[in-house]
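Q: My questions will all concern the structure given below.
The values are calculated or read from the model by the stated rules, or taken from the named source; none is laboratory data. Quantities reported herein were computed from a predicted structural model and do not represent experimental measurements. Virtual Cβ from ideal backbone geometry, glycine too; neighbours counted across all protein chains shown. Just so you know, the surface numbers come from the protein's heavy atoms only, side chains and all, with ligands and any DNA or RNA stripped out. Shrake-Rupley method; radii C 1.70, N 1.55, O 1.52, S 1.80 Å.
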Amino acid sequence: MFFIVNPTGETLATADCYVAPRAKPVAMIANMQHVGVGVIGLGNVGMGTLDVLAENADQIALKLGFRLRVAAVCSRSVHQKTVPEALGPVDRATDWREIVAHPEVDIVAELVGGTSVASDIITGAIAHKKSVVTANKELMAACGSEIWDRAIRAGINLAMEASVAGGIPIHAVLREGISGDRVVALYGILNGTSNYILTEMETRGAPLEEVLTEAQRMGYAEADPSADIDGFDARSKLAILAALAFGEKITPADIFVEGIRRISPMDFQYAHQLGHTIRLICAARQTPDGLILSVRPALIGLKTIIAGVQGAYNAVWVKGRFGEDTFYYGRGAGPLPTGVAVVSDLMRVAREIRYGRPERVSPFAHERLGEYKPLSVTREKCAYYLRFRVEDQPGIIARLAGILAEQHISLEAVLQLPCETKHDLPFVITLEPTYEHAVREAVQKMSNLDFLREPPLALPMEPPL
Ligand SMILES: NC(=O)c1ccc[n+]([C@@H]2O[C@H](COP(=O)([O-])OP(=O)(O)OC[C@H]3O[C@@H](n4cnc5c(N)ncnc54)[C@H](OP(=O)(O)O)[C@@H]3O)[C@@H](O)[C@H]2O)c1
């Protein structure tokens, strides 16, 4: 005997056998009441979202059982934008206030970015009791938890899949897919621009400045590249993911950040000799005392799955106490991959609006499990790579080894690749696993040595992922 129940659990009918309902033809769905969407911001992500909504409208309607209708769009230059004709009549506005107050808009998609106007838009939407879908990592990392609390109090939803790793549905994975597990570590490559630059340096042996200039010319990197190459963009994304994975309130200020500016092609040559490569790694791992969070270039084994992440791709690797390793890979940005993430959020929120089944698992751990307080990265213990550039003279290794010994650090190996000039001679020392605070003190002391052409570069060597 089967019981057919409605979403509130009331039994509607019983039957001896279950006959799967046939999908409703698209024409029938067209007549069903739709859920209205207002899109604010018609740049890369906004236009990608409109394209997906237009080109995939029938599939979306079949999956939902009703249509998503774009009722209104907004950008400062909205009248110069080409809105896909397939969307039908769409109201246009240059003032976002018209969108949040629009009577046919049930969900507001905030795709403007930044922290000022975007914050006003979301506040306005909440005031009008409209649910919000956003791609805004910066705002969500800085004050998403407070916005979430306001949204829940107002009885609306806030969805942000597109804010981290563009086309990889990592939010859904952590919120639902592996929510039964207990995450013990999360590693990610979360900034496509820096990954593109590093992999180009690795394959072509080109210096960072050259690859960055090319990336800017091709539109892969911003005119001001700091957010990407200094690690701040990745840090915002890690703050969002770590909060979700560990059930803790985490802000960007809790995360140590160091960018890729000091990496040079010779570091890849030495890393390869050691069976490693270099990537900007976002790491969050549980220790008995708390969470260690960092975004920085690190050596990772060439045979690890994460070392295969090339170009502008993103990846997230999660280790759970019970389910062990899972790995997620895909495009981290771009109008259409990010547009898919926005549209999938719109569908989830629309389903909730139509069927009244809230799926409000906090992306900001409002229950505050409180077990994983962020700790200083100086309490990290791992092997290190120290790269030096020196004016050659006798006794260099002995002096460096002396400073390491003072900090009780054991040296593992010394590597020197052939080099013609004695005035700018590179070589590498690798260290046995040691605490970061000791490495930092040693590097600080070494920086005053007269034979160094620049302070030593210290990179952690991640254990096999
Ligand atoms: N690009 C990606 O691949 C990607 C991936 C993941 C997440 N994101 C996030 O998605 C968001 C949007 O990024 P994007 O790359 O699409 O940015 P974008 O190309 O710069 O587009 C921003 C849009 O917002 C509009 N806008 C700015 N200020 C406005 C205002 N006061 N009122 C109305 N409209 C305003 C702009 O209007 P005008 O066109 O008139 O200037 C433009 O259409 C950001 O939070 C970003 O971090 C982007």
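Q: From the residues in segment 59-116 that are more than 9 Å from the ligand (Cβ to nearest atom) and of a type in the set (Lys, Arg), which one is nearest to Leu139 (Cα to Cα)?
A: My answer is Arg97.
Q: Whether any residue in segment 214-233 is within 16 Å of the ligand (Cβ to nearest atom), more than 21 Å from Gly330 (Cβ to Cβ) and of a type in the set (Phe, Trp, Tyr) is what I want to check.
A: Within segment 214-233, one or more residues are within 16 Å of the ligand (Cβ to nearest atom), more than 21 Å from Gly330 (Cβ to Cβ) and of a type in the set (Phe, Trp, Tyr).
Q: Quickly run through segment 280-291 and pick out the residues that are farther than 21 Å from Gly231 by Cα and open to solvent by 10 Å² or more (accessible area, probe 1.4 Å).
A: Gln286, Thr287, Pro288, Asp289 - these are the residues of segment 280-291 that are farther than 21 Å from Gly231 by Cα and open to solvent by 10 Å² or more (accessible area, probe 1.4 Å).
Q: Condition check: over 28 Å from Thr287 (Cα atoms), away from the ligand (no atom under 14 Å from the Cβ) and among the polar types (S, T, N, Q). Does Thr199 satisfy that?
A: Yes.
Q: Do we have any residue at all in segment 267-279 that's in a loop (DSSP other than H, G, I, E, B), touching a residue at least 12 places away in the same chain (Cβ under 8 Å) and open to solvent by 10 Å² or more (accessible area, probe 1.4 Å)?
A: yes
Q: Still on this model: For the structure I just gave you, tell me whether Ile263 is in a strand (DSSP E or B), farther than 14 Å from Glu380 by Cβ, at pLDDT 95 or above and open to solvent by less than 40 Å² (accessible area, probe 1.4 Å). Explain how you work it out, then say what you get.
A: Numbers: in a strand (DSSP E or B): no; farther than 14 Å from Glu380 by Cβ: yes; at pLDDT 95 or above: yes; open to solvent by less than 40 Å² (accessible area, probe 1.4 Å): yes.
When the stated conditions are applied, Ile263 does not pass them.
Q: Would you check which residues across segment 414-465 are open to solvent by 30 Å² or more (accessible area, probe 1.4 Å), in contact with a strand residue (DSSP E or B) (Cβ under 8 Å, 6 or more places away or on another chain) and assigned to a loop (DSSP other than H, G, I, E, B) and list them?
A: Selection gives Gln416, Leu417, Cys419, Asp424, Arg453, Glu454, Pro463, Pro464, Leu465.
Q: Here's a follow-up. Scan Gly155, Gly180, Gly166 and give me the residue that is within 11 Å of the ligand (Cβ to nearest atom), at pLDDT below 95 and either open to solvent by less than 30 Å² (accessible area, probe 1.4 Å) or more than 30 Å from Ile263 (Cβ to Cβ) (or both).
A: Just one listed residue meets the conditions, Gly166.
Q: Just wondering, is there one or more residues in segment 38-54 that are over 21 Å from Ala125 (Cβ atoms), modelled with pLDDT under 95 and open to solvent by 10 Å² or more (accessible area, probe 1.4 Å)?
A: Within segment 38-54 (the criterion being over 21 Å from Ala125 (Cβ atoms), modelled with pLDDT under 95 and open to solvent by 10 Å² or more (accessible area, probe 1.4 Å)), the answer is yes, since at least one residue qualifies.
Q: Something else about it: Please count how many residues of segment 130-143 are open to solvent by less than 40 Å² (accessible area, probe 1.4 Å) and within 12 Å of the ligand (Cβ to nearest atom).
A: 7
Q: Can you say whether His102 is of a type outside the set (Lys, Arg), over 22 Å from Gly144 (Cβ atoms) and touching a residue at least 40 places away in the same chain (Cβ under 8 Å), as far as the supplied structure shows?
A: For His102, the condition - of a type outside the set (Lys, Arg), over 22 Å from Gly144 (Cβ atoms) and touching a residue at least 40 places away in the same chain (Cβ under 8 Å) - is met.
Q: A further question follows. If I ask for residues that are among the basic types (Lys, Arg) and either without any contact (Cβ under 8 Å) to a residue 60 or more places away in the chain or assigned to a helix (DSSP H, G or I) (or both), which ones from segment 316-350 would you list?
A: Hit for segment 316-350 is Arg348, nothing else.
Q: Now for a different question. Within segment 168-244, considering only helices (runs of 4 or more DSSP H) that don't extend past its boundaries, which have at least 2 residues that are touching a residue at least 24 places away in the same chain (Cβ under 8 Å)?
A: 192-204, 226-229
Q: State yes or no: is Ala307 assigned to a helix (DSSP H, G or I) and either of a type in the set (A, V, I, L, M) or within 18 Å of Glu380 (Cα to Cα) (or both)?
A: yes
Let's see how each residue does on (1) aromatic (Phe, Trp, Tyr); (2) within 16 Å of the ligand (Cβ to nearest atom):
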residue: Leu274; (1), (2): no, no
residue: Thr277; (1), (2): no, no
residue: Gln286; (1), (2): no, no
residue: Arg296; (1), (2): no, no
residue: Leu302; (1), (2): no, no
residue: Tyr313; (1), (2): yes, yes
residue: Val316; (1), (2): no, yes
residue: Val340; (1), (2): no, yes
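Q: For the structure I just gave you, tell me whether Asp345 is within 16 Å of the ligand (Cβ to nearest atom), at pLDDT 95 or above and either charged (D, E, K, R) or out of contact with any helix residue (DSSP H, G or I) (no Cβ under 8 Å at 6 or more places or on another chain) (or both).
A: yes
Q: It is to be established whether one or more residues within segment 107-128 are buried (at least 24 other Cβ atoms within 10 Å of the Cβ), among the acidic types (Asp, Glu) and modelled with pLDDT of 95 or more.
A: yes
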